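First the structure, in the form of structure tokens, and then the observations on it.
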Amino acid sequence: MAAVHRRLARNRRRRHVLVRPRVFRDRSNPLESLDDFEIYQRYRFRPDTIHFLVNGVSDQLVTATKRNSPVPPLLQVLLFLRFVATGAHLRLIGDSLGISESSVGRSVKAVAAAIIAVFAQATLVFPVGEIATKVKEGFRRVAGFPKVIGCVDGTQIRISTPTANEADYVNRKGFHSLNVQMVCDPNFRITSLCARWPGSCHDARIWRTSGLYQKFENGDYDGILLGDSGYPLSRYLMTPYLTPRTQSEERFNSSLCRTRVLIEQTFGIMKRKFQALHFGLRTSPDQAVSYITACCILHNIGIERGDTIISGDCRELNVADCQQAVINAHPRADGVAKRASITQSFF
């Protein structure tokens, strides 16, 4: 009987609770109220490029109904750009455009998926043919290293504590992350990306399981990559001498590291433009992979359209920096011979 009385009392209290009315906020268009400089400061792209992105992904974002006042594609793209540009909480981003936190979350996920679906194949492309020839010449101008088709390295992107396999995501610096492998060209474009590996994975393991590794093994590409001492020396991936014994070997190391700094600079450019990659992504590993991939695509689009500012304060690298990685102690015989041949012929 007591339980019945308590249930009746709860029902009486519920009848007196006021229902919160639904509020439809004013969703203005920031591109109409801000000048070009203010737009670039907030969204990291000029209005022309923002419209280019919207035109590309709008078919992926348009809903089939007008019920519940859906967020238009333009505002969805602006929400995503604001999210990756600042790394702020979704509620703060939504407040800036008069959109609820839940709608911001859905929009950000949808735009990242749409950018990957529409632009990935045309943007993240490894150089071949005439383009590869231009890439090699661009790298040669940096420090005289011959036949370089890309620089490879990994960078740690902080993420929230995962619910599954949590220990795998703790990197050697002690925080949860993804170890993201990228390859860049001499103009800081990203030509290859592998973003799915936990932070504890070694660079060499990520490289050996990547599709790019298999293509180089099969001889699909004519050129060599430059990496630090964490990568395995092979006929198509050059790493520095750990203990150079001649002036030629020292010049080889100097040229390699002055060229390889471009991938470090690429990481710096990306993380300054997209602060979410610098401060970390408060999301699951799978969703973080989607955001990272979308940012890499936007990075390349920004370079192509002149929206990415290449400043002179990029991180500089010296020979010792190339040898500070966790050393991979398994050089291949073909790599040792190739490195010796390059050293003798060019340095």
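Below is a table of values for the structure above.
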{"item": "Listed residues 52, 37, 346 arranged by accessible area, highest first, probe 1.4 Å", "result": "37, 346, 52"}
{"item": "3J(HN,Hα) from dihedral phi, region 185-202, Karplus parametrisation 6.51/-1.76/1.60, rounded to Hz, x for glycine, proline", "result": "9, x, 9, 6, 6, 8, 9, 8, 9, 9, 10, 8, 8, x, x, 7, 6, 6"}
{"item": "Amide hydrogen neighbours beyond the local backbone of residue 196, cut-off 5 Å, H modeled", "result": "none"}
{"item": "Long-range HN-HN contacts of residue 283 with modeled amide H, under 5 Å", "result": "160"}
{"item": "DSSP bridge pairs, region 100-259: antiparallel proportion in percent, nearest 5", "result": "75"}
{"item": "Computed log₁₀ I(q)/I(0) - Debye formula, equal Cα scatterers, no solvent, region 121-270, q 0.09, 0.10, 0.14, 0.17 Å⁻¹", "result": "-0.29, -0.36, -0.69, -0.98"}
{"item": "Check: region 62-124 dipole with +1 on Lys, Arg Cβ and -1 on Asp, Glu Cβ, in debye", "result": "160"}
{"item": "Percent accessible area from carbon and sulfur atoms, region 66-146, protein chains only, probe 1.4 Å", "result": "54"}
{"item": "Local electrostatic count at residue 298 - Lys and Arg +1, Asp and Glu -1, tallied over other residues with Cβ under 11 Å", "result": "+1"}
{"item": "Ratio Rg/Rh, restricted to region 205-250 and using Cα atoms, in which Rh is the Kirkwood radius", "result": "1.05"}
{"item": "Segment residue 32-residue 334, extension gain: residue separation times 0.36 nm, minus the distance between their alpha carbons", "result": "102.8 nm"}
{"item": "Calculated over region 66-196: convex hull of Cα atoms, volume per residue (Å³)", "result": "168"}
{"item": "Alpha-carbon centroid distance for the pair region 93-129 / region 140-210, whole angstrom", "result": "21"}
{"item": "Positive-pole candidate from 129, 113, 85, dipole of region 66-139, charges at beta carbon", "result": "113"}
{"item": "More than 14 Å apart - percent of Cα-Cα pairs taken over region 149-218", "result": "58"}
{"item": "Accessible surface of residue 161 - all protein chains present, 1.4 Å probe, nearest 10 Å²", "result": "90"}
{"item": "Å² of accessible area per residue within region 181-223, as computed with a 1.4 Å probe and no ligands counted", "result": "42"}
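The values are calculated or read from the model by the stated rules, or taken from the named source; none is laboratory data. Bear in mind the structure is a predicted one, so any value in this text is a computation, not a measurement. Glycine gets a Cβ as well: all are built from the backbone with ideal geometry, and neighbour counts include every protein chain shown. Protein only, heavy atoms only, side chains kept; ligands, DNA and RNA dropped before computing areas. Shrake-Rupley method; radii C 1.70, N 1.55, O 1.52, S 1.80 Å.
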